[in-house]
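Here the structure comes first, spelled out in structure tokens, and everything after it is commentary.
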Amino acid sequence: MAGPHLTWLELLIRLGSALLLGALIGAERQWRQRTAGLRTYSLVSIGAALFVLLAALTGVEMGLSVAGVPHRAGGVDVAMKQLEQRPQGNSSPLLKVVG
């Protein structure tokens, strides 16, 4: 299945708008002296836009395969926190390597 045909101008407009909106959010966070600021949000927004545009241009349904990544990452985070709260003598050797 072929993806939509984007011109170079449409591609640049989409990437530029992602950069602009990410920079606006990052500038606001930097102004409030948060940890992630202008550069972080600009780069993340460009990366996300490229990911979505790549999926659209190739016609590959990347959204479904990647949809579980935040869920899995959250599950790993919860498991690591539970491992940290366990007493030291109460874990198997495998868990000691992971924790």
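The values are calculated or read from the model by the stated rules, or taken from the named source; none is laboratory data. This one's a predicted model, so the numbers in the text were calculated from it and none came from an experiment. Please note: Cβ atoms are built from the backbone with ideal geometry, for glycine as well, and neighbour counts cover all protein chains shown.
Some notes on this structure:
- Counting residues in the stretch 6-24 that are modelled with pLDDT of 80 or more and assigned to a loop (DSSP other than H, G, I, E, B) gives one or more.
- A count restricted to the stretch 24-47 and to residues that are among the small types (Gly, Ala, Ser) and either buried (at least 16 other Cβ atoms within 10 Å of the Cβ) or not assigned by TED's automatic domain parsing to the domain that holds Arg14 (or both) stands at 4.
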